[in-house]
Every structure is written in structure tokens, then in C-alpha cells.
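Chemist: Quick one: the structure is below, and I'll ask about it shortly.
The values are calculated or read from the model by the stated rules, or taken from the named source; none is laboratory data. A quick note: this is a predicted structure, and the numbers were derived from the prediction, not measured. Cβ placement follows ideal geometry from the backbone for every residue including glycine, while neighbour counts extend to all protein chains displayed.
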Amino acid sequence: MTILITIVFSAILAFVLGVALGFFQKAFAVERDPKIDEVRAVLPGANCGACGFAGCDGYAEAVVLGKTATTNCKAGGSFTAAAVSKVMGVKASSEDLVAVLQCQGSKELAADKGEYVGLRNCRAAKIAVGGVKKCAWGCQGFGDCVDVCKFNALSMGPDGLPHVDYNACTGCGLCAQECPQQLFAMVPRNRKGSIVLCSNRNVIKQAVGKACKTGCIKCDICVKSCPEHCIKMVDGIPVTDYAACTSCGVCVEKCPTHAYKLLEKDVRSTRKLVAQKVEA
């Protein structure tokens, strides 16, 4: 009898609590802005977190609440930026970015310090022994960047370097954030002009040459030979002023270590260029 009373009492109590919860849910419900769902519907659904929020749901809510810009979806690029901006009734202004690896230090061209027996991880190698290459600025080659790429836009090549598939790259910047050497530059997809694919800032030519056969040796030939005078040395690395660069290719032709490349001509075929260089 006691068990039966307990069961009946529990059922009545559960019913009463259910009714009460339903009432309070309706009474104190916070109205959801329908635009949140509209914004969410035009997002790619990658949930990569590159926008700075916990997935697409978080980003959609932040956009509607005015906490972030309509152009911050890195995975969707300019197309998604335009769609989100249209939902919000604002003008979109966003550039498509792609990742460019500023290092050509392949297995054949960049010397190792010695045999490394630690964790096969770029960050771990940098912390443990200061990196596995003689070039302190070079790519470690363990593929941390590949592991974090959510769009299969990065793959490790047989030369020991990560290669970018520019048809798949969304410019999310996760690889740039992950790389402990800070070797990835986020560059506008349609940018034209020259770029140095080297991050070695050592100003001693001989030291650069011993560490990597394709490193920038700070010879200043690019600076002196540029007909537009749009190249200058900044902290040991030649930097191009893209507002003045005409893509004439003089710097690329004159560079003795082939560290200079043209974005629109050479960078998209970096894998092929490295392979040719190694065979030579």
C-alpha cells in the first residue's frame, strides 16, 4: 500500500511540476530575433571558430546583436559576407584572403640541426630544441597547420612543406594562428605583385646560406634593381609596396636565391616550383 501511495504521489507531483515549468517558460521566455535564424541559414555551417565565436550559431547571434561585423565569416568569404549583410540590411565590404607560406625550406634545401626524437609537432619541437632546422625561422614540417585546417586546403608534400590548395582555401587564418613560426601571410586572393617566400631575418649572408639554399641573403639587389622603387628592407626582410608594384618581375629575375616570387604567377604553383628546384 505504501508503495502505491508513493507512486501516485510522485506522478501527481511530476504533473504539477510539469505544468508549472511550462507556465514559467512561457511567462519568462525571451523572444528570439528571427533574423538570427535568417543569418544562420546563409552561413556555410563549418563551425570552424575562425570568426571568434563558438560555431555558426554563436556568430549568427553575435551579428544580430551587433557584437561583430557581417563580414567576419572567414569560411564563407565574400559571398557569405554579402549574404549576411543583405539579411542585416547593410553594405558588405570584405576581401577574399588566402594563406601564403613564406618559406621554401624543403628537406633538400634547408639543413636540419640533427636527428630529432621528440614529439612530432611543430610547437613542441620549437619549445624543446628551438626547432629542428638550422634556420630558426623556417618551417618545421610536422604539419600542425594541416591538422587545424577544416577545409582540406593544406597538405604536406614530399618535400616536407605544407602546400595550399587555393581552390579550397577560405582564408580563415587558422593555419596562420597555429604556426609557431608565423610563416603564413593572409593575402588578398586577387593581389598582384612580388612577395618574398622567406622569413629568415638573420642579416649575416653566410649564416642564411648555410641554413637554407633558397633563403633571402639580404643582398639588397631587389631593392636596388626595382624600377618602381617599391621594395624596402624591413626588419631583415624585403617588403613590397603593392600600391606601386607593377609585377614587372625584375626582382624575381635578379634574386640570386630565388626567394622572390610573383603572387599571380608563381605562388599558386609553389609545389611545382619546389619540385623543379629540388631535381635541379
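Chemist: Among the candidates 181, 177, single out the residue that is crowded, with 20+ Cβ neighbours inside 10 Å and farther than 24 Å from residue 226 by Cβ.
Modeler: On the way: 177 fails: crowded, with 20+ Cβ neighbours inside 10 Å.
Selected residue: 181, the only one of 181, 177 that is crowded, with 20+ Cβ neighbours inside 10 Å and farther than 24 Å from residue 226 by Cβ.
Chemist: Here is a further query. State all residues of segment 113-125 that are within 25 Å of residue 196 (Cα to Cα) and surrounded by fewer than 16 Cβ atoms within 10 Å (Cβ to Cβ); if no residue qualifies, say none.
Modeler: Result: 113, 123.
Chemist: Got a sec? Which helices (runs of 4 or more DSSP H) wholly within segment 205-255 have at least 2 residues that are more than 22 Å from residue 109 (Cβ to Cβ), outside the structural domain of residue 101 (by TED's automatic domain parsing) and within 25 Å of the chain's Cα centre (by Cα)?
Modeler: In segment 205-255, there are no helices (runs of 4 or more DSSP H) which contain 2 or more residues that are more than 22 Å from residue 109 (Cβ to Cβ), outside the structural domain of residue 101 (by TED's automatic domain parsing) and within 25 Å of the chain's Cα centre (by Cα).
Chemist: For residue 122, are the conditions met, namely being under 17 Å from residue 105 (Cα atoms) and touching a residue at least 12 places away in the same chain (Cβ under 8 Å)?
Modeler: Numbers: under 17 Å from residue 105 (Cα atoms): yes; touching a residue at least 12 places away in the same chain (Cβ under 8 Å): yes.
For residue 122, the condition - under 17 Å from residue 105 (Cα atoms) and touching a residue at least 12 places away in the same chain (Cβ under 8 Å) - is met.
Chemist: Would you mind telling me which numbered condition in (1) touching a residue at least 24 places away in the same chain (Cβ under 8 Å); (2) within 26 Å of the chain's Cα centre (by Cα) residue 87 fails?
Modeler: For residue 87, the failing item is (2).
Chemist: Among 2, 70, which is the only one that is modelled with pLDDT under 80 and at negative phi?
Modeler: Going through 2, 70 in turn, the sole match is 2.
Chemist: Among 99, 75, 50, which is among the hydrophobic types (A, V, I, L, M, F, W, C), modelled with pLDDT under 85 and in contact with a helix residue (DSSP H, G or I) (Cβ under 6 Å, 6 or more places away or on another chain)?
Modeler: One residue alone meets the criteria, 50.
Chemist: So residue 156 fits all but one of (1) of a type in the set (A, V, I, L, M); (2) surrounded by 16 or more Cβ atoms within 10 Å (Cβ to Cβ); (3) free of Cβ contacts under 8 Å to residues at least 60 places away in the same chain; what number is the exception?
Modeler: (2)
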